[in-house]
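Please treat every number below as a calculation from the coordinates, not as lab data. A quick note: this is a predicted structure, and the numbers were derived from the prediction, not measured. Neighbour counts run over all protein chains shown; Cβ positions are idealised from the backbone, glycine included.
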Amino acid sequence: MFSDKQKPRAMNEVGGQPNRIEKNTKIKGDIISEADFRIDGKLDGNVKTSGKVVIGKDGYIHGKVECVNADIEGSFNGELLVSDLLSLKSSAVIEGTVSVSKLAVEPGATFNASCTMKGSGSAMSSNSGSFKGKNEPAKAS
């Protein structure tokens with residue numbers, strides 16, 4: 001039995017730890033999980049989770065990702081479906097199609113994607129915007 005201090009308390013984590021694909025690891029295939037997932041290596045395939053997906057600075061996913069929240073520092077190419085918040089750090093590189101409810105983009109992030117935002121009542125759509133660098137205007141393709 002765990003005492004109150006020893007119990008794992010993290011949400012959507014199995015055994016208190018998120019699933020991880022470490023740096024210098026390459027995987028081809030699909031991943032389905034109810035837990036959070038962190039990718040610091042390379043994944044060529046699809047991820048479906050009811051938790052959060054984190055792509056670390058050295059991480060790369062080529063495929064389709066379906067999740068509730070996502071934090072991206074590394075690279076993504078494909079279809080990204082985030083039901084709540086997508087947070088792009090300054091080192092992020094995104095290409096493909098994106099569907100989100102909320103989007104946070106740090107200056108310096110590269111966002112070359114067709115983006116659909118869904119939320120309170122109405123849907124807004126933005127075609128192929130490109131955000132790169134500090135205080136540079138977006139360039140439509």
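Within 10 Å, count the other beta carbons around each residue, average over each peptide in 90-97, 59-66, and list them highest first.
Those peptides, ordered most packed to least, come out 59-66, 90-97.
Sequence-ordered 3J(HN,Hα) estimates for the stretch 53-60 from the Karplus curve with 6.51, -1.76 and 1.60 and θ = phi - 60° stand at 10, 10, 9, x, 4, 9, x, 8 Hz, glycine and proline given as x. Amide H contacts for Asn46 (H built 1.01 Å from N in the peptide plane; partners 5 or more residues away or on another chain; cut-off under 5 Å): Gly29, Asp30, Ile31, Lys64.
Amide H to amide H, with H built 1.01 Å from N, Val98 comes under 5 Å of Leu80, Ser114, Cys115, Thr116, counting only residues 5 or more places away or on other chains.
Legend: distances between Cα atoms for Lys28/Lys102; Lys23/Lys102; Lys52/Lys102; pairs beyond 19 Å are Lys28/Lys102; Lys23/Lys102. Listed values for the stretch 39-52 are Karplus-derived 3J(HN,Hα) couplings in whole Hz (6.51 cos²θ - 1.76 cosθ + 1.60, θ = phi - 60°), namely 10, 10, x, 10, 10, 10, x, 10, 10, 10, 8, 8, x, 10, and x replaces Gly and Pro. The order of the peptides 36-47, 103-114 by mean Cβ neighbours within 10 Å, most packed first, is 36-47, 103-114.
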